[in-house]
1. Suppose the filter is in contact with a Gly (Cβ under 9 Å, 6 or more places away or on another chain), touching a residue at least 12 places away in the same chain (Cβ under 8 Å) and not assigned by TED's automatic domain parsing to the domain that holds Phe131; does Lys399 pass it?
2. Within the set of pairs 6 or more residues apart or between chains, which connect a residue that is closer than 13 Å to Met170 by Cβ and surrounded by 16 or more Cβ atoms within 10 Å (Cβ to Cβ) inside the stretch 199-212 to a residue that is at pLDDT 85 or above and β-branched (Val, Ile, Thr) with Cβ atoms less than 7 Å apart?
3. Which of the residues belonging to the stretch 133-162 are hydroxyl-bearing (Ser, Thr, Tyr) and either under 18 Å from the mean Cα position of the chain (by Cα) or not assigned by TED's automatic domain parsing to the domain that holds Tyr190 (or both)?
4. I want to confirm something. Restricting to the stretch 196-218 and keeping residues that are more than 29 Å from the chain's Cα centre (by Cα) and of a type in the set (Val, Ile, Thr), which single residue is modelled with the lowest pLDDT?
5. What residue, among those in the stretch 219-235 that are part of a loop (DSSP other than H, G, I, E, B) and buried (at least 21 other Cβ atoms within 10 Å of the Cβ), is modelled with the highest pLDDT?
6. With Ile275, Ile259 as the choices, which residue is surrounded by 23 or more Cβ atoms within 10 Å (Cβ to Cβ) and under 22 Å from Ala191 (Cα atoms)?
7. Residues that are within 18 Å of Met202 (Cβ to Cβ), basic (Lys, Arg) and buried (at least 20 other Cβ atoms within 10 Å of the Cβ): does the stretch 100-108 have at least one?
8. Hey, among Tyr181, Tyr169, Tyr248, which residue is farther than 24 Å from Ser293 by Cα and crowded, with 17+ Cβ neighbours inside 10 Å?
Amino acid sequence: MMMICIACLAGCNKDDGGRDIPLSDETFSLMDGSIVINNHPDVTITPLNKFPVGKSASSAGIKRMGLEDEPGDEPKANNYRFKLVAEMSTLKIDGVEVQATHVKITDDGYVFVSYNEKGDPHRGGVVVYKFTIHNGTLENVKVDVQYVSAIEMKRAELSALDYHDGKLYMTGASSDPNLGYVNRRDGFNYAFFMVMELNPNMTFKVVDPKAVVQLTSFQGTSIRVHNNLIYITTGDGTNDTDGGLYVYSATDYSLVKSISGKQHARSVDVDDHSIYLMQANHARITRFHSDGSGETLIYEASDEALQRDAKSEILAWDKYLFVAENESGLRMLCKESGNVNESLERPGQDPENEVTNSVSMNSDIKKNYNGKDVASNLLFVANGGKGIYWYDIMNVDGKDRIIPCRDNSMLLDNESANFIESKGNIVFVANGLGGLKVLYIGFDRDDNHEVCQSFEYDTFIKDNGNDHGDPLSRKIGDVFFRTEGENLVVYLYSDKKINGAGVFFGTSLEDFDKAGLLTGSGNLTDKNINNGAMTNMNADKRTEIPGGVKFTFSKNDLPEGELLCIVYCNLGWGFGIPNGSSGTTGQCDSSNNNGQYIRLGAVTFCI
């Protein structure tokens, strides 16, 4: 029997079963100190109010299957808009930053995040957060995130987790002999899974010794709980200890079924009838009955998913399997036949870092910016160093298709998007060493308010407003344009108070020059923006909103033709890309005056 040492560093309560439960403010250790329940971990929660700019994901092409010709008139995807509302720093174990690997969201507003250390050392853990959404428009919605509890592992790491009925299910690898570190003649097997009960407030109870199970192979790669069974995959191991698919009882943690010899098993998912196993190097998808019997190979491709150790996920949804095949992109397979319905190419050029790691489907009812319910099948894809991508799954001529949204990709902090999970209007991204990102989903149109055009532009800026109208000097800023009925609205956002903001529309640089808004000599393209003249320009059209200001121009306020715009603010509005040469978005000092040229083109207004 495995021995567990528990050292309560503060008082303990008793639950009805007589077991020790940690108080909300205490720290206690398990496994001779290898695992520490720490209610004061070294993590930071940062509330944010940013609208990151989406990009067109044209580099991730969609391959249509089952049609003689490409669809002609596809339905128009929803025009989603995202607000970055919070970020959580990565967990530190003994001063070492570990990377976020997996996310699980509960129906009652909790989120679990797992961590591991890249490479051979085994460090990792779990952090639990509580999030509360205060409904409102996309511009003023507030998402509160509070820290709840954490598990810190000095000799173990976690690849995946799942939650069900008051228990957290975890799998990964450990160099602790109390967990997965088995010293046999044929070598070490680090893989393990562990189950921990939680209190109603999601703090951790003391672990049941039977709920710590050693597995074959180097790493537990995936875990799912369904119908009182635990499904786990492990990768390959040392001699005669291949990984595979394992089915355990969620009641007493006894082994129900072991399907060994499944080398490079990466991910498992289940529905009410079947188990679906994904393997890598090369790609194989196998279907089983829910008890593990009735093995059927439904998909195999010798030239796909060749990275044997890479994070790759499978998702069972409706009639389909979405398979993140790492360097091979995404496959949308029919569950029954294994036929490829659609596929997405891997974005980017780097086969090690710009890869497809994870997929999430959000079919929940979502609130639009007027608070009305919207039904959509929103597909998210985590593409490593290329960030996150999103699409609508829509029916075209009787076939379900992946329909790209406008500006449907986003890079967060130049880190790796390892895993994505979404529920309702919320999105959580396990962003590697960038920690956890929290996004709120919004819409730019609904049945009662048709938005004909929406602009989320890169802004063309350099230090102190000097961009000379050069589009090649573009940097990202929090500037948004939207037509609302007969009005064109300009939104400016910042973490700091925006001072002296001004907006002016023209159709040429000559318009700006005649209005006294350019300074300097020579050709118009050599002149700079006159920041002094732009201060408070059209301030009568400016109103304050949460996190920034907006300017509202009626159709009659604007010149006819293709529009150029100068947007200006002083001190509060950031400029530049994070860590870029121009500074950091939202972090300005007293010497920065920010004026920008933005080219909108022709604008169509709604009636």
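1. Numbers: in contact with a Gly (Cβ under 9 Å, 6 or more places away or on another chain): yes; touching a residue at least 12 places away in the same chain (Cβ under 8 Å): yes; not assigned by TED's automatic domain parsing to the domain that holds Phe131: yes.
When the stated conditions are applied, Lys399 passes them.
2. Going by the 7 Å Cβ cut-off, the qualifying pairs are Phe204/Ile151; Ala211/Val195.
3. Looking only at the stretch 133-162, we keep the residues that are hydroxyl-bearing (Ser, Thr, Tyr), and these are 137, 147, 149, 159.
If the condition is that a residue be hydroxyl-bearing (Ser, Thr, Tyr) and either under 18 Å from the mean Cα position of the chain (by Cα) or not assigned by TED's automatic domain parsing to the domain that holds Tyr190 (or both), then Ser159 is the only one that fits.
4. So, considering only residues that are more than 29 Å from the chain's Cα centre (by Cα) and of a type in the set (Val, Ile, Thr), the one modelled with the lowest pLDDT is Val206.
5. The initial filter retains those residues of the stretch 219-235 that are part of a loop (DSSP other than H, G, I, E, B), namely 219, 227-228, 235.
Cutting the leftovers down to buried (at least 21 other Cβ atoms within 10 Å of the Cβ) gives us 219, 235.
Details: Gln219: 89, Gly235: 85.
Within the stretch 219-235, the match that is modelled with the highest pLDDT is Gln219.
6. Details: Ile259 fails: surrounded by 23 or more Cβ atoms within 10 Å (Cβ to Cβ).
Checking each option against the conditions leaves just Ile275.
7. Looking for residues that are within 18 Å of Met202 (Cβ to Cβ), basic (Lys, Arg) and buried (at least 20 other Cβ atoms within 10 Å of the Cβ), one finds at least one in the stretch 100-108, hence yes.
8. Values: Tyr169 fails: farther than 24 Å from Ser293 by Cα; Tyr248 fails: farther than 24 Å from Ser293 by Cα.
Every option except Tyr181 fails the conditions.
The values are calculated or read from the model by the stated rules, or taken from the named source; none is laboratory data. Please read all numbers here as calculations on a predicted model, not as lab measurements. Using ideal geometry, Cβ is built from the backbone for each residue, glycine included, and neighbour counts are taken over all protein chains shown.
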